[in-house]
1. What are the residues in the stretch 41-59 that are surrounded by fewer than 19 Cβ atoms within 10 Å (Cβ to Cβ) and modelled with pLDDT of 95 or more, if any?
2. Is it the case that the stretch 145-165 has a residue that's under 27 Å from the mean Cα position of the chain (by Cα), at pLDDT 95 or above and within 17 Å of residue 99 (Cβ to Cβ)?
3. Which of the residues spanning the stretch 155-190 are in a loop (DSSP other than H, G, I, E, B) and free of Cβ contacts under 8 Å to residues at least 40 places away in the same chain?
4. Looking at residue 257, is it over 16 Å from the mean Cα position of the chain (by Cα), in contact (Cβ under 8 Å) with a residue 12 or more places away in the chain and under 30 Å from residue 114 (Cβ atoms)?
5. In the list 299, 274, 259, which residue meets the criterion of being over 27 Å from residue 186 (Cβ atoms), at pLDDT below 95 and buried (at least 22 other Cβ atoms within 10 Å of the Cβ)?
6. Write out, first by first residue and then by second, each pair whose Cβ atoms fall under 6 Å of each other, whose residues are 6+ apart or on separate chains, and whose first residue, in the stretch 118-141, is over 25 Å from residue 218 (Cβ atoms) while the second is modelled with pLDDT under 95 and buried (at least 24 other Cβ atoms within 10 Å of the Cβ).
7. Can you tell me how many residues within the stretch 177-196 are farther than 19 Å from residue 147 by Cβ and in contact with a helix residue (DSSP H, G or I) (Cβ under 9 Å, 6 or more places away or on another chain)?
């Protein structure tokens with residue numbers, strides 16, 4: 001009888017599920033539409049004053065104006081990026097916690113962090129910078145030119161100590177290996193947590209030379225405390241007009257290997273949020289202050305967003321893998 005019809009719970013299960021799904025979808029869409037509505041944190045894997053730290057702070061300064069929200073830079077150095085990557089990977093994939101990535105992240109994932117992280121564990125949002133490598137000595141070094149350094153390092157009984165960010169197999173180390181391999185020059189790599197730390201060691205006579213990016217070297221070069229012997233690029237930098245390219249110095253090597261700086265985040269950040277982040281960061285790069293910083297530090301601008309950057313990362317990962325195998329650091 002109709003008045004005594006049994007109301008089975010299953011009759012309401014599908015409609016309730018549909019309603020819940022719609023509510024979740026609406027909530028996610030609202031979060032994407034309102035992004036950002038709170039501060040954004042950029043996590044850096046190097047110490048204060050490093051090239052990557054300076055990049056993050058310059059970018060954050062412009063991004064605050066674009067997003068209309070605070071953009072905070074946090075340093076979490078250690079383990080060739082392991083400390084930072086652990087923090088990024090465990091963060092909610094909502095776009096509010098991102099990090100600066102470099103080529104060193106990829107080489108670390110292929111060597112000392114192999115099996116711990118892989119590039120597919122993260123969202124790759126923007127490629128912002130390509131930064132060439134430079135070889136630097138103290139102003140009173142006996143090595144006046146890049147050829148002096150190379151020939152000196154090849155002499156019997158000489159064991160040049162070359163310093164830079166990261167361990168053997170890190171991006172800076174590979175950058176110097178391009179030169180050493182071409183010149184058949186042995187050397188010992190000394191690892192530091194950032195370019196400024198390596199420069200301090202150089203000035204303290206603990207190492208013979210530094211392989212770094214122009215940023216950490218420029219202020220010391222301007223003060224006459226260091227000499228920049230060569231730059232790994234196709235042309236001289238405007239900020240270092242007297243510094244020859246490796247090829248000009250007599251060592252034509254592959255100039256495609258550069259430090260990169262971009263923004264990455266936890267895996268599965270919604271694409272629309274990634275696009276909003278990319279758009280905001282690229283607009284921040286157009287501010288006069290950021291443009292001046294780029295010119296002053298001999299940077300090359302990147303322009304790849306979340307739909308292109310993963311493919312670029314995969315390519316760099318492959319190139320780094322080949323070099324690590326050559327160095328005996330990967331199989």
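1. 41, 57
2. no
3. Of the stretch 155-190, the ones in a loop (DSSP other than H, G, I, E, B) are 155-160, 166-170, 184-187.
Listed by number, the residues that qualify are 155, 156, 157, 158, 159, 184, 185, 186, 187.
4. So residue 257 fails the test.
5. Result of the check over 299, 274, 259: 299.
6. 118/109
7. Quick first cut of the stretch 177-196, residues farther than 19 Å from residue 147 by Cβ only: 188-196.
Those still in the list that are in contact with a helix residue (DSSP H, G or I) (Cβ under 9 Å, 6 or more places away or on another chain) too: 189-192, 194-196.
Within the stretch 177-196, residues that are farther than 19 Å from residue 147 by Cβ and in contact with a helix residue (DSSP H, G or I) (Cβ under 9 Å, 6 or more places away or on another chain) number 7.
Residue-by-condition table, conditions (1) within 15 Å of residue 44 (Cα to Cα); (2) at pLDDT below 95; (3) surrounded by fewer than 18 Cβ atoms within 10 Å (Cβ to Cβ):
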position	(1), (2), (3)
96	yes, no, no
104	yes, yes, no
109	no, yes, no
112	no, yes, no
121	no, no, yes
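The values are calculated or read from the model by the stated rules, or taken from the named source; none is laboratory data. In this text the structure is predicted, and so the values were computed from the model without any measurement. Heads up, the Cβs are rebuilt from the backbone with ideal geometry, glycines too, and the neighbour counts pull from every protein chain shown.
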